[in-house]
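Here the structure comes first, spelled out in structure tokens, and everything after it is commentary.
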2 protein chains.
Amino acid sequence: MNAQDPTQARRGRRGGGRAGNLRGQSRGISQSPWTIPVNSDRPTEPLDAESVEAIHNGAMRILEETGVDFLNEEAKSILKTAGCDVDPSSDRVRMDRAFVMGQVKKAPSEFTIVPRNPDRAVTIGGDHMVFVNVSSPPNSMTLDDGRQVGNQKSFRDLIKLSQYFNCIHLIGGYPVEPVDLHASTRHLDCLFDKLTLTDKVCHAYSLGKERVEDVMEMVRIAGGLSHDEFDAAPRMYTNINSSSPLKHDYPMLDGAMRLARRGQSVMVTPFTLSGAMAPVTIAGAVAQSIAEGLAAIALLQVIKPGLPVAYGSFTSNVDMKSGAPAFGTPEYMRATQMSGQMARHYGLPLRASNACASNAPDAQAAWESAFSLWACVSSKVNVVYHAAGWLEGGLIASYEKFVLDCETLQQMTHYMRPATVTEDDIAVDAIKEVGPHGHFFGCNHTQERYETAFYSPFVSDWRNFEAWTEAGAPQAHERANRIWKDILANFEPPPLDEAIRDELADFVARRKTEGGAPTDF
Amino acid sequence: MNAQDPTQARRGRRGGGRAGNLRGQSRGISQSPWTIPVNSDRPTEPLDAESVEAIHNGAMRILEETGVDFLNEEAKSILKTAGCDVDPSSDRVRMDRAFVMGQVKKAPSEFTIVPRNPDRAVTIGGDHMVFVNVSSPPNSMTLDDGRQVGNQKSFRDLIKLSQYFNCIHLIGGYPVEPVDLHASTRHLDCLFDKLTLTDKVCHAYSLGKERVEDVMEMVRIAGGLSHDEFDAAPRMYTNINSSSPLKHDYPMLDGAMRLARRGQSVMVTPFTLSGAMAPVTIAGAVAQSIAEGLAAIALLQVIKPGLPVAYGSFTSNVDMKSGAPAFGTPEYMRATQMSGQMARHYGLPLRASNACASNAPDAQAAWESAFSLWACVSSKVNVVYHAAGWLEGGLIASYEKFVLDCETLQQMTHYMRPATVTEDDIAVDAIKEVGPHGHFFGCNHTQERYETAFYSPFVSDWRNFEAWTEAGAPQAHERANRIWKDILANFEPPPLDEAIRDELADFVARRKTEGGAPTDF
């Protein structure tokens, strides 16, 4: 069977049984099974112990001396009650290190989020590493249609790809913003699609009370949960960004606090572009990011002690000639590794991203993404956001890039399998059997193992030049184009109880009648 | 200045001074200066101490129980005299672990090779990491002309690129085989070009007595050295491959022994494709590679105790469906990391490669190469062969891929600069100065550092989509195409004393008259 030919691959799978409750896979390609990768390698640590302490001290001094603006009266009031120094004439909150560290210490180092299909539960923290689809680009892009403003069709397509690929563990924000849906009810349509077209962990945007409450309610309904059951453990998450430098804005804080009260997990991700919204030095940008991140995490731990949270690192640099943001750079790698050291210092799970600046799914996109991903692996990142599909600094969700990224994510998952070095693996006897005048294709040692010995790709083309030329010399992104078309053409949504589906539909209809969410927040 | 426009970049450099004796740079792009990267990060180590011992034990058992064929009477005779068990009825040599380890222990863990320009000296071993251009493909490829059989023009073009880029530290084998030059005198023309168009460390193919002796003599002449000076320290190197499984062939051994006698360095690189010429298990393929490598290194240490050698790891896997070799795979990464542990166990410098299987300089080529390169970084590889230009499993030297690879090599070099985490770097005061309502573009902390703070690319395009589209939406390999054309158009060879150049030319002329090397070895 030729792995490059999805039609063949599909035929090869037809009639095969389906395992467990991990359905909803189309018949497209031969992909790796669902698994949560475990990254047990030692991380790369550019900082010595003294430097970790110095960056910690810097972050604490930022919080103590300069403080962070909390643009949310409720948050300020909670922090004031908790003993923080809240400036009555501004939004500035200063907090001392004893308070911050006392709160941060309450956060678990590892937690599990259980979506409507419990077989898709994900563990965040420790040695676990999970991947999230691209989130929030305003545009989609395909080889066929070029760059286009996002709409419901591209949203659904990318949601289907996110469900299809077993290497995508969580559904992030909208994989593209469907601007043809009215902003006041968009979240209802999008969440209905997410909860019916996927069975993986869902995300809520922190964009106003109604959206957040609606999403929590829909996740509760989809899981067939009582309110108490929903509140008892993480079923979903939100991700909030600070407005760097040193600001947390109203809706982000509001949404995070709403989830916190119901025990739902929150990732706090300052977006600190070194040289623009953060110092031009990587150590400084990381210190600022830590300060911004811990400030919000401390607030959330006051509200709900022990709340599952993750610290998100998104420190990259800008091009100092043009101010353009850069991704997958040496600076991003080092910033992420430093952030990994700091996250372990605080005992917090770490989020980072698979980002690139390229405008096309070309070689630049691939090496920037590979650098980003190896940054994540070498930093022991727990949650890789934007793991598949991101282009143009996050302004494009590319169908082809999505497929290409999944190939590299699968390879990384394979890479993380523990090495086995038994006597049999070392194969002295097989080597003796083959000797200097044979080869290993036919020997028993090979025959017993060859089917699962190596990672088997679905995009990578290992044919020789002649066979490849004969086939039209398809470049990687052209092969990816054929693959996503095949996947979408054959997509089957995961099973969902009809009654639950109806309840979700009724909820959406009712909330639409009520007008959805205000759009002037 | 727009970094994507080489014409602009060139203008920006015109009239600038030239530093030191590192000349021979054309005015093409704005590239990083010549430096030997130092990789001081902790390596990734998939093996525990017990597994290192088990693979060592496996390698020793292979040498003791099965042995290796040495297809060279002189080598067998030397090994017999040294006490090895040489089968009189075959080429099989068995050696016990005490002998092997006693010989391997004599090899230095670090050494320096000094080419004709001493400012281009390279240190091999320790934390040093050096890059070698692609070596030995039969074909070249450009966007303009597609894949073509190598000739003197493409050979020279690729030699010029190898000289031009400061991130290429050694000149490897022929970057493409110039088949329009007669095989008997090809080495004379090629070495004349290498020694006049470049001033970096040169390589000799181990392909028969005459070729090896001619190259040593030409390197001696180019360096202006007496025979004694040449013999006193490494001035060049050869790389030999075993014929896996378990064979060292005549010309490779002959060449290596000739260099050894004159104190010139040798890299020994078994090419052990797991599942084909080596066991389907990575631990087994590594054990076999170690056995093959140490067998030749032991021979060389008998001939010249303390000879500078490197162990070369080239364990990758094949596609078990088609038998096609694969590169830049998870298996390659782990094999290289294991080889790094074994090389450190033996105190030997390590060589590996930047390989890929892709037939085009596309996304697949980029991620396979990035995976290969991060394998090298995480394994603490000292010499990265094929670091720039390799495509199609080594059958193509691509001009565009060469340029793309150099961008990633420069990034890696930048990445390896040690992190600085001073008080000033942590920037608490700058963050206080900017506060929550400013940005860092204009502050003093940024102004003092911005020019050198970040890696500045020459291929990566960080323009926004609109500006990029306006410019014709050039993909990475198309930008690379413009860059190599600019570099070649402006190439200036490095300075060379006229008398030495004449002596080299005379030597080539004389040896051509004598008929060069026999072609029927």
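The numbers here are math on the coordinates, done by the rules we state, and not lab data. Remember, predicted model here, so these are calculated numbers, not experimental data. Virtual Cβ from ideal backbone geometry, glycine too; neighbours counted across all protein chains shown.
In table form, for the structure just shown:
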{"read-out": "Label distances, nm, B:Asp180 versus same residue in remaining copies, Cβ-directed 7 Å point", "value": "5.6"}
{"read-out": "Amide H partners (placed H, <5 Å) of A:Asn151, local residues excluded", "value": "A:Val179"}
{"read-out": "At q = 0.10, 0.21, 0.22 Å⁻¹, base-10 log of I(q)/I(0) for the range A:113-233 (Debye sum, equal scatterers on each alpha carbon)", "value": "-0.31, -1.25, -1.34"}
{"read-out": "For the range B:104-415: rounded, prolate or oblate by the Cα gyration tensor [a/c cutoff 1.5]", "value": "rounded"}
{"read-out": "Reachable lysines, given that their alpha-carbon falls under 19 Å from the alpha-carbon of A:Lys153 and they are not under 8 places away in the same chain", "value": "A:Lys194, A:Lys401, A:Lys485"}
{"read-out": "Interchain or long-range residues, amide H under 5 Å from B:Thr272's placed H", "value": "B:Phe314, B:Thr315, B:Ser316"}
{"read-out": "Copy-to-copy label separations for B:Thr519, where each label sits 7 Å from Cα toward Cβ, in nm and ascending", "value": "7.7"}
{"read-out": "Between the range A:179-243 and the range A:114-144, the alpha-carbon center distance in angstrom", "value": "14"}
{"read-out": "For chain B, Kirkwood radius (reciprocal of mean inverse C-alpha pair distance, Å)", "value": "24.0"}
{"read-out": "Taking N as its residue count, the alpha carbon Rg of the range A:221-326 over 2.2 N^0.38 Å", "value": "1.24"}
{"read-out": "At most 16 other Cβ within 10 Å, DSSP loop - GluC sites (Glu not before Pro), the range B:160-225", "value": "none"}
{"read-out": "Per-copy distances of the B:Pro418 label point, shortest first, in nm (7 angstrom along Cα→Cβ)", "value": "3.7"}
{"read-out": "Mean Cβ neighbour count within 10 Å, used as a protection proxy, ranking B:282-295, A:290-303, A:193-206 highest first", "value": "B:282-295, A:290-303, A:193-206"}
{"read-out": "Span-rule helices in chain B, defined as complete DSSP H runs reaching 27 Å or more along the axis (Cα) with Kyte mean at least 1.0", "value": "B:282-303"}
{"read-out": "Bridge type composition, the range A:286-399 - antiparallel percent by DSSP, nearest 5", "value": "45"}
{"read-out": "For the range B:135-141, Karplus couplings with θ = phi - 60° (6.51, -1.76, 1.60), whole Hz, Gly/Pro x", "value": "10, 6, x, x, 10, 10, 8"}
{"read-out": "DSSP bridge pairs, the protein assembly as shown: antiparallel proportion in percent, nearest 5", "value": "35"}
{"read-out": "Over chain B: helical MRE at 222 nm, DSSP H runs n ≥ 4 each giving -39500 (n - 2.57), nearest 500", "value": "-13000 deg cm²/dmol"}
{"read-out": "Between the range B:268-315 and the range A:411-443, the Cα center-to-center distance that results, in Å", "value": "15"}
{"read-out": "Per-residue average of Cβ from other chains inside 10 Å of B:407-414", "value": "3"}
{"read-out": "Under the Karplus curve 6.51 cos²θ - 1.76 cosθ + 1.60, θ = phi - 60°, whole-Hz ³J(HN,Hα) for the range B:388-394, x wherever Gly or Pro sits", "value": "9, x, 6, 9, 6, x, x"}
{"read-out": "Cα-based Rg / Dmax (Å) for the protein assembly as shown", "value": "29.8, 96"}
